[in-house]
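The values are calculated or read from the model by the stated rules, or taken from the named source; none is laboratory data. This structure is a prediction, so every number in the text was calculated from the model and none was measured. All Cβ positions, glycine included, derive from the backbone under ideal geometry; neighbour counts span all protein chains shown. Surface accessibility is based on the protein's heavy atoms, side chains included, excluding ligands, DNA and RNA. Shrake-Rupley method; radii C 1.70, N 1.55, O 1.52, S 1.80 Å.
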Amino acid sequence: AYGLYPVSCEGVLIEGCEARGASDAGIYVGQSKNIIVRKSKAYENVAGIEIENSLYADVYENESFNNTGGVLVFDLPDLVQKKGGNVRVYKNIIKENNHRNFAPKGNIVASVPPGTGLMIMATSQ
């Protein structure tokens with residue numbers, strides 16, 4: 001379902017990576033703190049890059065293309081780390097994210113419509 005998947009971590013660095021074909025997120029970071037995702041590529045995933053319920057993330061100089069959704073930043077209820085925030089997404093190439101959504105029914109990303117470039121939902125700052 002996922003490519004790269006650090007969860008409940010501190011001091012995350014994802015750099016120079018490539019993720020393809022995930023039915024959820026190619027590059028996912030969840031419930032973590034102090035994150036850098038840079039100089040990586042995500043393509044042909046449902047979500048290219050996803051930051052979920054995480055604090056202090058910088059997502060930059062990445063390429064996210066031919067996914068259903070390019071970059072997703074959001075908070076979900078009922079997780080150990082309740083609130084994310086202070087996420088910066090800049091200097092990325094986010095293009096042509098029109099891939100069909102092939103996530104299993106019931107997954108949160110199953111509701112992401114093709115053509116979503118950047119989605120920010122229920123997170124602060």
Starting with the highest mean, order 77-84, 58-65 by the number of other Cβ atoms within 10 Å, averaged over the residues of each peptide. 58-65, 77-84
Starting from the Kirkwood radius over alpha-carbon pairs of the chain, derive D by Stokes-Einstein at 37 °C in a medium of 0.692 mPa s and give it in µm² s⁻¹. 239 µm²/s
Can you compute the charge dipole magnitude of the chain about its Cα centre, using +1 on each Lys and Arg Cβ and -1 on each Asp and Glu Cβ, nothing else charged? Give it in debye, rounded to the nearest 20. 120 debye
Modelling each spin label as a point 7 Å along the Cα-to-Cβ direction, I'd like the ALA110/LYS91 distance in nm, to one decimal. 3.9 nm
Express the carbon and sulfur contribution to the solvent-accessible surface of the chain as a percent, rounded to the nearest whole number, probe 1.4 angstrom. 50 percent
Output the relative contact order of the chain, whole-number percent, from Cα pairs under 8 angstrom with separation of 6+ residues. 22 percent
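Solvent-accessible area per residue for the stretch 11-125 at a 1.4 Å probe radius, Å²?
48 Å²
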In the structure shown, of LYS33/LYS91; LYS41/LYS83; LYS39/LYS95, the pairs separated by more than 24 angstrom at the C-alpha atoms are LYS41/LYS83
